[in-house]
Every structure is written in C-alpha cells, then in structure tokens.
Amino acid sequence: GTLDAGSLRTPIVAVLGHVDHGKTTLLDRIRGSAVQEGEAGAITQHIGATAVPLSTISEMAGALVDPTDFDLPGLLFIDTPGHHSFSTLRSRGGALADIAVLVVDVNDGFQPQTEEAINILKRTGTPFVVAANKVDTTPGWNPQEGQPIQQSLEQQSERATSRLNENLYELIGDLSDEGFSADFYWRVQDFQSNIGVVPLSAMTGEGIPDLLTVLMGLSQRYMKEEMSVDVTGPGVGTVLEVKDEQGFGATLDVVLYDGVVREGDTVVVGGRDEPIVTEVRALLQPRPNAEIRAEKQFERVEEVRAAAGVKIAAPDLDDAMSGAPIRVVRGDDEAALETVTQEVR
Ligand code: GTP
Ligand code: NA
Ligand code: MG
C-alpha cells in the first residue's frame, strides 16, 4: 500500500440489527469465539468491542482479500444488543461507527429494531452493508462451510435458490422503501451511494469472505477520506462499562475512537455528579480477536491507539458512568484541562 498502516486509524464497524438476527454469532464466526453461547438468555445486554487484525480477515476471506491491497491494520467491531429495551446502547454503538453491518435474518426480514437501526444509520450518516443472514435455513439448502457465496450458490438446487432469492428481493424492496437503492453486493459499484446486500450464514460461514471483502473495501475508501485525522493526538473515547477489577478497583472499558492514550496521561471522564479528573495507572488491552466483555487475559501496555477497546485503570473511577465521554489532556496545561472538563460536563 501507499499509506503507512502504523499511521492509520483502525476503522470502527458497528454491527446492528433486530434481536436474534445473528450479530453475535456472526462475530463469533469471524473471531473464532463462542461469546454468544455464554450470554444469559442468549440476549446481548452490552456493547462489545473486538479488534480483528488484517491477518485474520485475509485468512477468513481467502482468495477474495489480498492483504497487500490494504493499508489498514484491521477492523474494530462493535457488537450491539438487538433487544428492544436497549435502544440507548444501539444509538451509542451507532454513534461510534465509521461503517456498519446491518444484520437481517433473511427469513424474518425487516423487524422493528431493523427499522430503528436504519434510523440510527440515517441520522449519523453512516455507510453500511446488509448481511442477509441465516441463508442456511432455506429449505433444501446444501451448506458450503466458509465458502464465498457465489461458490455456495452454484451448489444449490433451483428450488432453494429461488426460495432464497424471493427473500432477498423482499429485503431489497424493504431497503428501497426506506429510501435506499440496494442490490446484491456483486452488482454494486459505489457502496457509499448504494447498499450492498451480502447473503451469508453466520452458522456455516458461507458468504463471510464476501462480507469481509466489502467491509475492507468500504473502510479503505472511508479512511482515505478521513486521512486528515491526527491519529497521534490526545485520545478521545466512550465508556462502555465501569467494572471492578481485581487489584485495580473500579476500571473503565472504553472504546477509544480517536488519538492515543498513554500510561500516566491525565484523563477527564464524565461522572455521576461532575467530571472526574484522574491519571491513567494502567492500560489493559484485550488480545486480538478477543471480545472486551469476555476477556480475562488482558495485556498491560504503555500506549493504545484509536480505534481500540481498552480497559483503563485509574484512581477515583467509582462514580464514572457508562456512556460518558473520556478525553486525554496532555501536558501541564491548566487551560486545556479546564476546556476539556467543560466539554465532558
Ligand atoms: P441479540 O444480541 O440478543 O440481539 O441477538 P443476536 O443478533 O446477537 O443473535 P445471536 O447471535 O444471539 O443469534 C440468535 C440465534 O440465531 C442463535 O440461536 C444462533 O445460533 C442463531 N443463528 C445466528 N446466525 C445463524 C445462522 O446463520 N444460521 C442459523 N441456522 N442460525 C443462526
Ligand atoms: Na441473541
Ligand atoms: Mg448478540
């Protein structure tokens, strides 16, 4: 590539959609995990964050992605809950996104939280692709583990193909009713003005190579347009959760969406009554492909660059709030500290 991957911000990909349409299962398949199986009631109740490196993406995408075509270090996936009672978390996830995947169960089609997710994406102007999930549940389906969708479609009976196509055209129609021109992704030229629909199965993995290819293409373009962003500036993020951690007391699970945070940095974070000003004691980074919500073996690091999920340990975090902004104030600058504190308030 022509750009230095080390200087590029990792794009944030939010995964949105109606309850049980398969968001967490899709991420499990990509990162080789089983987070979904550990969820109480099989319901996601928090925002998650997982850094998926380019090596994992190109491995999963096989022939469809040539890693030398990309300058990006990988993608930071944000999982969101689909249950109707978590609309605040969906908005928060959507607000973090550079691009998004709207997951729709191909049999169920558009549902209330599909509509809600679309409204969030419209409001934030976030480019997205549609993952038409669960193609393997089409009657008569002949599963093709991990294969690109075109290859899988060649192995399907005429009857299964036409059943699937009926569902896919209904989905394309629903997107059109929402004002989007949508089509099968392989017919889409410009993914920012048209919505690509990727038929796939989070269960069998077929179509996931295609989804990753489309996401890489979309983020590469997006990131080139956002190149003016200073990736080495003071870190800015959103608190996902406040959690007690053995040996550290209250810590923050944060999505850092811009800049850099270092050990010893002064940070300002939104608190219950007023902004909290404190100093970073430790930065704990989840391993690649690990969901921050489920991770137990964090690695202690001196510095974290956006975009990333990171656990921040610091004194006085008991009154910090999930959803609050967190900002780094670098240097001994009283005026900057005052400005940032006003912004966080
Ligand atoms: P919430 O986070 O609670 O909104 O749900 P979700 O969208 O994350 O869905 P989840 O991953 O929990 O999946 C819901 C159910 O659908 C689980 O039983 C999955 O095993 C099943 N499922 C997900 N994807 C597929 C798929 O591609 N094919 C089949 N057959 N089942 C799937
Ligand atoms: Na679920
Ligand atoms: Mg889920």
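Among 216, 203, what is the fewest-to-most ranking by other Cβ atoms within 10 Å? Don't skip to the answer; put the middle values down first.
On the way: 216 24, 203 18.
So the residues, fewest neighbours to most, are 203, 216.
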Dividing the alpha-carbon radius of gyration of the range 193-345 by 2.2 N^0.38 Å, where N counts its residues, gives 1.20
Taking a straight Cα-to-Cα line shorter than 12 Å from residue 134, and setting aside same-chain aspartates and glutamates fewer than 8 residues away, one finds 20, 105, 108, 206
The range 122-245: spread of alpha-carbon positions along the three principal axes, whole Å, largest first, is 56, 40, 24
Under Stokes-Einstein, the range 30-159 at 10 °C and 1.306 mPa s, with its Kirkwood radius over C-alpha pairs, diffuses with a coefficient in µm²/s of 94 µm²/s
Expressed in angstrom, Rg and Dmax over the Cα atoms of the range 1-107 are 14.7, 47
Counting only backbone N atoms under 18 Å from a point 7 Å out along Cα-to-Cβ of residue 107, the residues of the range 199-219 in range are 199-206
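Once you have the Cα-Cα distance between residue 183 and residue 158, take 0.36 nm times their residue separation minus that, and quote the gain in nm to one decimal. Please list the in-between numbers first.
Numbers: separation 25, 0.36 × 25 = 9.00 nm, distance 2.05 nm.
Taking 0.36 nm per residue and subtracting the Cα distance, the gain is 6.9 nm.
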Cα-Cα pairs in the chain separated by more than 25 Å, as a whole percent of all pairs, come to 52 percent
Subtracting the Cα-Cα distance of residue 341 and residue 250 from 0.36 nm times their residue separation yields 30.7 nm
Simple SL model, points at 7 angstrom along Cα→Cβ for residue 145 and residue 95; separation in nm is 4.3 nm
Sorted largest first, the Cα spans of the range 3-64 on the principal axes come out in Å as 44, 24, 19
Expressed in angstrom and ordered largest first, the alpha-carbon extents of the range 44-121 along the principal axes are 41, 27, 20
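Bear in mind that the values in this text are calculations on the coordinates, not laboratory data. Note that the structure is predicted; figures quoted are calculated from it, not measured. All Cβ positions, glycine included, derive from the backbone under ideal geometry; neighbour counts span all protein chains shown.
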